[in-house]
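Working notes for the structure below.
Bear in mind that the values in this text are calculations on the coordinates, not laboratory data. From a predicted model like this one, the values you see are computed outputs, not experimental measurements. Cβ: placed from backbone, ideal geometry, glycine included. Neighbour counts: every protein chain shown.
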Amino acid sequence: MTTDILSKWKAQSLPRSYNPCRKVVFTIKSRDQGWGSERRPHQGLYEHAWSWFDVGLERLEAIDMGKCTPEIPIPRGFMDQFYLESAQGSTKTPTSIACDIRSVNPAVIKVPGDPPAYKYDHPGELGEYRLQSNQTAHPRVKEHIITWASDDSTDPNSPEGARLERVGRGRCTGNGDFVRNLEVGDIITVWARARFPGWRNVVREVKIDLYWAV
């Protein structure tokens, strides 16, 4: 395949389905503060680690500015709604549809005030969808490669779910739901977290690789 043909194929190729993602690979290089208040049996392990990473999701939505309607999710084939054909079908004119991005996870909550403010609702606890924890009181940067696939089917309450916790992941990160539910236009984010005085999350690199059906 020549370079010109390959470039044309890449430009015109579209995902085969509304949920085309098959695999997401996260590469993280990080460490915590590297010390603890005392030497404990879990030092260097993932137990009692309060320095970790969560996965977020942002979704593309459409607003009809002309009708002043509330935000609505963009339906399948949403590109067609940005243009209206004339009665003769010979010309197309732009519509008043505008795009915006909404945070699905973490959720956004309203803070009372005048005017009101908005903030991300970050949980303070280690969630079942925790991407990866740092090793506890570990002074050296460690690389973690975490793969989430659409055909994953690990039961969170199974022994395999417990194994995920032992390697620093949330129990629900092996069930495949996140990848299977990704839609065209979704944006994956990674949040570095740390809790309690003295805890730090020192990040050297974060990379996300996506694989999808075309």
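For this structure, a couple of remarks:
- Among 163-169, 134-140, 104-110, sorting by the average number of other beta carbon atoms lying within 10 angstrom of each residue, highest first, gives 134-140, 163-169, 104-110.
- 3J(HN,Hα) from dihedral phi, region 41-49, Karplus parametrisation 6.51/-1.76/1.60, rounded to Hz, x for glycine, proline: x, 8, 4, x, 9, 9, 6, 6, 8
- Backbone amide hydrogens, once placed in the peptide plane, bring Asn175 within less than 5 Å of Thr154, excluding anything fewer than 5 places away on its chain.
- Cα gyration tensor shape of region 89-214, rounded if a/c is under 1.5, else prolate or oblate by comparing a/b with b/c: oblate
- Note, ³J(HN,Hα) from phi for region 106-113, Karplus 6.51, -1.76, 1.60, rounded to Hz, x at Gly and Pro: x, 6, 9, 10, 8, 9, x, x
- Residues in region 126-162 reached by a label modelled at Phe196 [backbone nitrogen below 16 Å; 7 Å Cα→Cβ]: 126-127, 133-138
- 3J(HN,Hα) along region 165-182: 5, 5, 9, x, 10, x, 4, 8, 7, x, 8, x, 4, 4, 5, 4, 9, 5 Hz, from the Karplus curve 6.51 cos²θ - 1.76 cosθ + 1.60 with θ = phi - 60°, whole Hz, x for Gly and Pro.
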